[in-house]
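Okay, so here's the structure we're looking at.
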Amino acid sequence: MRRREILGCAGRLAGLQMLGGAALSARAQSVGVNDSRIVLGQSAPFSGAAEQLGLQFHLGAQLYFEALNQKGGVNGRRIELTRMDDGYEPERCVANTRKLIADGVFALFGYIGTPTSVVALPLATEAKVPFFAPFTGAEALRDPFNRYAIHVRASYFDETAAIVRQITGTGIKKVSVFYQNDAYGKAGLEGVTRALKTLDLAPTSTGTVERNTVDVAASLDAIMAQKPEAIVQISAYKSCAAFIREARKRGFIGNFYNVSFVGTQALLDELGKDARGVVVSQVMPFPYTPVTGISGEYLAAVRAKQGRAANYSGIEGFVAAKVFTEAVNRAGRNLTRDTFISAVQSMRNLDLGGFPVDFGPNKHTGSKFVELTLLTEDGRIRR
């Protein structure tokens, strides 16, 4: 063979080897990742009765990701968050989730609510896509352990246990429960019932409301008939506010207790002066003053954006984005879904500026932090 032909063959072989190496490198990366970006998908309510929950969580996450991207991203990659509106309805969430997975997102991020998350998680699991930081504390998403489900916040069992301790610590024994008639409401009811049972107590009365409605009349009759001293609410902000207003009109003077998913700021805005005596359990640091390092970081990001306001749903999105970024950073340039999950599991006793998270190989719930806050009639939230 002539020298020119030999050199030509060698050059073509080298070129094929380079192309083969590039192809192997591309295959080594997960779907949703390339050399310059990581794409996440979020299905959440951006319309309807729970829209403020989806909107504020999304805005909080975007505050963190936008600032990160302006600095060059993480390991040279920008993080992009694609959102789809599900109106807090499971059927729409299923359709959105299938599309996001088919479109090739790296992970599903920040889903809002129990009824939507419980139908999305099996789809994520089947596709081996991480289901990261859902805005729900339902036990059904945590037990049994699922490698692809990663939770940043404490559970509803943690929240309802704290609420029951607070109520019964004052000597109150007649506790009723107003709950949304779906997986979310039933998870909260189970948490309250479990916590009361340890004290040889049970809910005095219960009442339900359908998701995305404010038809509380029948529920109000059922609950008030037993003359409760305190009422725990497991629903979204509009129905909870409707119940509170009507109960006050009937002369109920006891306290109302809500879990974090209610949407603290949205509930406060709905109630106005009727917010007096309403308690909300929180799973994130206080977002209105820089009492912790992470609160200060969040507030600085909020103030840098005109027209934005701090709130608990927003800081939860911000914290979720920060935890996600920390895991991506630990995974390094060879980012795949498996290396990402391994990186999450390596985050042991990590302090994120006053908000510690602790994951492990068989522990995908990072926090058990819960504290109670009180809403006031002049529009404030007190710790």
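Every number in this text was worked out from the coordinates using simple rules, so none of it is lab data. If you're wondering where the values come from, they're calculated on a predicted model, not measured in any experiment. For neighbour counting, all protein chains shown are included, and Cβ atoms are generated from backbone atoms with ideal geometry for every residue, glycine included.
The trypsin sites (Lys or Arg not before Pro) of the stretch 123-181 meeting both criteria, a DSSP state outside H, G, I, E and B (loop) and at most 16 other C-beta atoms within 10 angstrom of the site's C-beta, are K128, R147, K173, K174. Only one residue of L335, A202, P90 has its Cα farthest out toward the positive end of the dipole of the chain, where Lys and Arg carry +1 and Asp and Glu -1 on Cβ, and that residue is L335. Counting only DSSP H runs of at least 4 residues, each contributing -39500 (n - 2.57), and dividing by the residue count of the chain, the helix-based mean residue ellipticity at 222 nm comes to -14500 deg cm²/dmol.
Computed about the Cα centre, the dipole magnitude for the stretch 156-282 is approximately 360 debye when only Lys and Arg (+1) and Asp and Glu (-1) carry charge, each at its Cβ.
Pairs spanning more than 24 Å between alpha-carbon atoms, out of K305/K368; K71/K368; K305/K363; K238/K273; K322/K368; K99/K363: K305/K368; K71/K368; K305/K363; K99/K363. Note on K128 and A102: their simple-model spin labels are 2.2 nm apart, each label 7 Å out from Cα toward Cβ. Entry note: the stretch 55-210 has Rg to Rh equal to 1.06, where both radii use alpha-carbon atoms and Rh is the Kirkwood radius. All alpha carbon pair distances within the chain were sorted into 10 Å bins beginning at 0; the resulting P(r) in whole percents reads 5, 23, 31, 21, 10, 4, 2, 2, 1, 0, 0.
Its alpha carbons give the stretch 156-282 an Rg and a Dmax of 12.9, 37 Å.
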